[in-house]
Amino acid sequence: MAGTYRFSFGPWNVHEGEDPFGPRVRETIPFEEKVKFAVKAGFGAIQFHDDDAVDVTLPIAEQNKKLAELKKMLDDNGLEAEFIAPRLWFNPHTIDGGWTSNSAEDRQYAIDRCKRAVDIAKELGTDRLVLWPAREGSYVREAKDSKLAYDRFVELLNILLEHDKTIRILGEMKPNEPCDSTLSPTTGHFLALASRTIDPDRVGILIESAHAMLANLEPSDEMGMALSFGKLWGIHLNDQNGLKFDEDKTFGTANLNKAFSQVYILDKYGYGNNGEYVGLDIKVLRTQKQDVSFAHLANSKAIFEMLVEKVRSCDQKYIDELIAARDYEELSFYILKVIMGKA
Ligand code: XUL
Ligand code: MN
């Protein structure tokens, strides 16, 4: 069954270019401009961290008023909010992690902030909460009791599932960065945690291509695993040149064959037919000038769409014959010819 594709990106994907080694190199682009681009380029949704959507220190009534304004602006532009992700890693309370911090006070901060993110999601009309456990790990092994930390991870999921009976939690796992070693580094780890919760049916997966590659895993196989569990509820497409920092490169620009494999499995299993988005998590290169700071998103969407065409042009009967003959050398040659328009 072929997939149906609607695209999304996050406002943080268009940024000012600062990195750990240097300052900003571009002016801030207002959110309204990002929305204009989304509409013009044919995106269907915006992804939000809680504090991308609203100032999370506002009194609740004021916060909800602002959220209603944001929702109206999105509605007026024919856009949805795809998900809310609590941005826990900026706050001083989360220096040692959020829900796995060694400090009870800091753990409580993280729990309250996650609950608030659930409420923000509901105000914006989405039932998806994305959890990326950024600082839920360690730099020094003995600094954190990993057994206890995993127990606390399950506890947090239960608290959130209990807090709102309709929220769905999408775990987005990454093995390292900013921590040296992140707890629950892969999708498999997170699914194991999900199985211990009070409602595993509301705990699913968002696979980011680069995060899988940083764990030296094959992104399309990670997607296959989540699909096999019926839990591929979100994706973050991007690319990664080997095991280094999380590069969030334009989809397909470092590993075109891996990009093809991702589109192949998504299309084969009808990704998107239940309203899932093709999410991009792609950072504008620091070297880009101001006036071309959206190109990486438009290009990634175009590359995805071109790959869908390539995937659908495949002679599946021929592929099946090669598989039956176990002639994977020829299969690999055929796929490359498809990609190069020479099949
Ligand atoms: C970090 C990352 C995040 C999540 C959302 O590597 O991918 O932006 O996608 O919190
Ligand atoms: Mn991501």
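For the reader, a short list of remarks on this structure follows.
- Considering only residues in region 161-175 that are over 30 Å from Asn216 (Cβ atoms), open to solvent by 10 Å² or more (accessible area, probe 1.4 Å) and not in a loop (DSSP other than H, G, I, E, B), the one that is nearest to ligand 2 (Cβ to nearest atom) turns out to be His163.
- Hits in region 176-219 (condition: of a type in the set (Asp, Glu) and open to solvent by less than 30 Å² (accessible area, probe 1.4 Å)): Glu208
- Of all residues in region 13-30, those satisfying the criterion of being open to solvent by 40 Å² or more (accessible area, probe 1.4 Å) and closer than 23 Å to Trp132 by Cα are His15, Glu18, Asp19, Pro20.
- Residue match in region 138-160 (condition: in contact (Cβ under 8 Å) with a residue 60 or more places away in the chain and open to solvent by less than 10 Å² (accessible area, probe 1.4 Å)): no
- Of residues in region 231-258 being without any contact (Cβ under 8 Å) to a residue 60 or more places away in the chain and of a type in the set (A, V, I, L, M), the one nearest to ligand 2 (Cβ to nearest atom): Ile235
- Arg113 passes every criterion in (1) closer than 30 Å to Leu67 by Cβ; (2) open to solvent by less than 60 Å² (accessible area, probe 1.4 Å); (3) more than 20 Å from the chain's Cα centre (by Cα) apart from (3).
- For Ser261, the conditions (1) away from ligand 2 (no atom under 14 Å from the Cβ); (2) open to solvent by 10 Å² or more (accessible area, probe 1.4 Å); (3) in contact with a helix residue (DSSP H, G or I) (Cβ under 9 Å, 6 or more places away or on another chain); (4) more than 24 Å from Met306 (Cβ to Cβ) are fulfilled apart from (4).
- The residue pairs whose first member lies in region 122-134 and is open to solvent by less than 20 Å² (accessible area, probe 1.4 Å), whose second member is in a loop (DSSP other than H, G, I, E, B) and within 12 Å of ligand 2 (Cβ to nearest atom), and whose beta carbons are closer than 6 Å, counting only pairs six or more residues apart or on different chains, are Val130/Glu172.
- Criterion violated by Leu148 - all others in (1) more than 30 Å from Leu256 (Cβ to Cβ); (2) of a type outside the set (Asp, Glu); (3) under 17 Å from the mean Cα position of the chain (by Cα) satisfied: (3)
- The residues of region 234-257 that are more than 12 Å from ligand 1 (Cβ to nearest atom) and either surrounded by fewer than 23 Cβ atoms within 10 Å (Cβ to Cβ) or within 20 Å of Ala134 (Cβ to Cβ) (or both), listed by number, are Asn241, Gly242, Leu243, Lys244, Lys249, Thr253, Ala254, Asn255, Leu256, Asn257.
- Note on region 93-109: among residues that are part of a loop (DSSP other than H, G, I, E, B) and touching a His at 6+ places or on another chain (Cβ under 9 Å), the one that is most open to solvent (accessible area, probe 1.4 Å) is Ser103.
- The set of residues from region 191-230 being away from ligand 2 (no atom under 14 Å from the Cβ), of a type in the set (Gly, Ala, Ser) and within 16 Å of Phe260 (Cα to Cα) comprises Ser220, Gly224.
The rows are residues; the columns are (1) closer than 24 Å to Glu155 by Cβ; (2) touching a Leu at 6+ places or on another chain (Cβ under 8 Å); (3) of a type in the set (Gly, Ala, Ser); (4) more than 16 Å from ligand 2 (Cβ to nearest atom).
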residue	(1), (2), (3), (4)
Lys65	no, no, no, yes
Leu70	no, yes, no, yes
Glu82	no, no, no, no
Arg87	yes, no, no, no
Phe90	yes, no, no, no
Gly97	yes, no, yes, yes
Ala110	yes, yes, yes, yes
Lys122	yes, no, no, yes
Arg141	yes, no, no, yes
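- Identity of the residue in region 301-341, outside any helix (DSSP H, G or I) and either polar (S, T, N, Q) or at positive phi (or both), that ends up most open to solvent (accessible area, probe 1.4 Å): Arg326
The values are calculated or read from the model by the stated rules, or taken from the named source; none is laboratory data. Since we're looking at a predicted model, the values are computed, not measured. Because the Cβ atoms are built from the backbone with ideal geometry, glycine has one as well, and the counts that use them run over all protein chains shown. Just the protein is used for accessible areas: all its heavy atoms, side chains included, with ligands, DNA and RNA removed. Shrake-Rupley method; radii C 1.70, N 1.55, O 1.52, S 1.80 Å.
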